[in-house]
1. In the stretch 102-116, what residues are modelled with pLDDT under 95 and assigned to a strand (DSSP E or B)?
2. Could you grab the pairs with beta carbons closer than 8 Å, sequence gap of 6+ or different chains, first residue in the stretch 235-249 and closer than 11 Å to Val212 by Cβ, second one of a type in the set (Lys, Arg) and away from the ligand (no atom under 16 Å from the Cβ)?
3. If you take the residues in the stretch 173-189 that are open to solvent by 10 Å² or more (accessible area, probe 1.4 Å) and assigned to a loop (DSSP other than H, G, I, E, B), which one is nearest to the ligand (Cβ to nearest atom)?
4. What number of residues within the stretch 181-212 satisfy the criterion of being within 12 Å of the chain's Cα centre (by Cα) and hydroxyl-bearing (Ser, Thr, Tyr)?
5. Report, by residue number, each residue of the stretch 296-307 that is in a loop (DSSP other than H, G, I, E, B) and closer than 21 Å to Val339 by Cα.
6. Please work out which residue is nearest to the ligand (Cβ to nearest atom), limiting yourself to the stretch 141-168 and to residues that are surrounded by fewer than 21 Cβ atoms within 10 Å (Cβ to Cβ) and not in a loop (DSSP other than H, G, I, E, B).
7. With the requirement that a residue be over 22 Å from Ser297 (Cα atoms) and either modelled with pLDDT of 95 or more or open to solvent by 30 Å² or more (accessible area, probe 1.4 Å) (or both), what does the stretch 190-204 give you?
8. Looking at the stretch 106-136 only, could you name the residues that are in contact with a helix residue (DSSP H, G or I) (Cβ under 9 Å, 6 or more places away or on another chain) and open to solvent by 70 Å² or more (accessible area, probe 1.4 Å)?
Amino acid sequence: MRLHPSASRAAVPLLAITLASGACAARRPTLQTPGTSGPATAFIDPHVEIEDVRLEESVLAADSMQGRLTGTAGMHRAARYLAEMFDHFDLEPAGEEPYLQHLPLAWSAAAGNRELQLLNAWTDTTAIPAGRRAVGVNVVGIMPGNDPELRDQVVLIDAHYDHLGTADSGMCRAAAGDTVCNGADDDASGVVAVLEIARDFHRGPPPKRTVVFLLTTGEEVGLLGTRWYIDHPVLPLERMVANLEIEMIGRPDSLAGGAGKAWLTGFERSTMGDMLTAAGIEIVADPRPAQNFFERSDNIAFAMRGIPAHTLSSFNLHTDYHTVRDEDSRIDYAHMTEVIRAAVRAARLLTDGPAPVWKPGGRPDPNSR
Ligand SMILES: [Zn+2]
């Protein structure tokens with residue numbers, strides 16, 4: 001999750017900085033079709049195992065991942081782990097290397113300012129001194145839809161796996177001897193949700209629409225991975241009918257109803273929220289609209305393209321946000337697993353149910369910014 005725009009205008013230290021698999025012995029879930037008529041919206045009871053959630057989360061938030069700062073060795077290590085997981089779930093590889101979509105970056109030239117910039121093209125790197133070049137990586141895989149009528153349509157399920165790095169990055173402040181901003185909640189938790197959704201599609205029935213699973217880099221430093229993806233989508237954006245992002249679901253939010261509950265950004269803007277609640281998925285509208293969460297993560301870039309795009313979260317404004325205290329030891333795994341079950345059901349509804357549409361006035365206007 002990016003800083004609130006008002007915070008990034010203030011004197012923020014440095015720049016505006018601005019989710020292994022356990023043995024899956026579980027059998028395929030039973031498929032129930034509610035009612036006997038109408039479009040068969042497959043309704044799945046997702047078997048998300050807390051042990052899988054705990055394992056994946058602890059890998060991503062480990063000190064050895066060095067806070068997963070975009071362009072660093074820690075980020076590349078995390079990307080390799082996530083690519084292995086996508087392979088484990090039999091997603092179709094996308095990207096130049098299996099599951100890896102690279103993007104050209106440059107560190108800013110200004111002394112003392114470690115700002116990352118997304119280059120327009122790989123050829124632009126020739127003008128950048130070698131010491132300032134960096135490479136970002138999005139992790140992307142595809143689960144083809146199986147319905148002849150719907151499989152050309154695409155649902156994007158995403159989360160960002162980058163975070164703020166270590167104290168020597170300048171974006172993470174050391175405290176009490178701890179020098180790693182682990183980003184357990186922000187957003188290893190969302191990445192684990194994406195992995196578990198992929199696991200569910202792997203062991204359950206295939207989706208009707210095609211699903212692109214995208215784990216982005218560069219969110220914390222200006223949505224760089226998503227900006228690159230939008231210019232280099234693995235399937236045409238014109239075929240994308242919905243985007244569900246998952247951000248910061250590691251701790252319960254009392255304003256969302258407490259443990260196991262989550263909220264959806266921009267709930268009132270499209271029919272997605274109503275669709276999910278009508279299906280019995282317990283989500284509420286974002287309880288803190290003044291925080292502008294709808295515009296503070298990767299979904300906004302897709303919404304600006306006209307695609308109904310929302311973020312599922314339970315961020316409770318905890319003060320460990322963007323600090324070294326955002327650790328996996330502080331994750332509420334029972335809560336997080338329950339929210340992931342809701343996210344799996346939401347993803348199933350988006351792939352097999354009606355496509356969401358903007359409500360009147362709900363679509364963000366790119367010209368108004
Ligand atoms: Zn963040």
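1. Let us first name the residues in the stretch 102-116 that are modelled with pLDDT under 95, namely 107-116.
Within the stretch 102-116, Trp107, Leu116 qualify.
2. Taking only residues 6 or more apart or on different chains, the pairs are Leu237/Arg305.
3. The initial filter retains those residues of the stretch 173-189 that are open to solvent by 10 Å² or more (accessible area, probe 1.4 Å), namely 173-180.
Still in the running and assigned to a loop (DSSP other than H, G, I, E, B): 173-174, 176-177, 179.
Working: Arg173: 14, Ala174: 18, Ala176: 21, Gly177: 23, Thr179: 18 Å.
Checked the stretch 173-189; the qualifying residue nearest to the ligand (Cβ to nearest atom) is Arg173.
4. Total satisfying the criteria: 1.
5. Taking the stretch 296-307 and keeping what is in a loop (DSSP other than H, G, I, E, B), we get 296-298, 304-307.
Residues satisfying the conditions are Arg296, Ser297, Asp298.
6. In the first step, residues of the stretch 141-168 are kept if they are surrounded by fewer than 21 Cβ atoms within 10 Å (Cβ to Cβ); the result is 142, 144, 146-153, 167-168.
Filter once more, so that each one left must be not in a loop (DSSP other than H, G, I, E, B): 142, 167-168.
On the way: Ile142: 27, Ala167: 16, Asp168: 19 Å.
Step by step, filter the stretch 141-168, then rank; the result is Ala167.
7. Just the residues of the stretch 190-204 that are over 22 Å from Ser297 (Cα atoms), to begin with: 199-204.
Hits for the stretch 190-204 are Arg199, Asp200, Phe201, His202.
8. Ala109, Arg114, Gln117, Asn120, Arg133
The values are calculated or read from the model by the stated rules, or taken from the named source; none is laboratory data. Since the model is a prediction, treat every value here as computed from it, not as a measurement. FYI the Cβ positions are ideal-geometry reconstructions off the backbone, even for glycines, and counts take in every protein chain you see. The accessibility values were calculated without ligands, DNA or RNA, using every heavy atom of the protein model including side chains. Shrake-Rupley method; radii C 1.70, N 1.55, O 1.52, S 1.80 Å.
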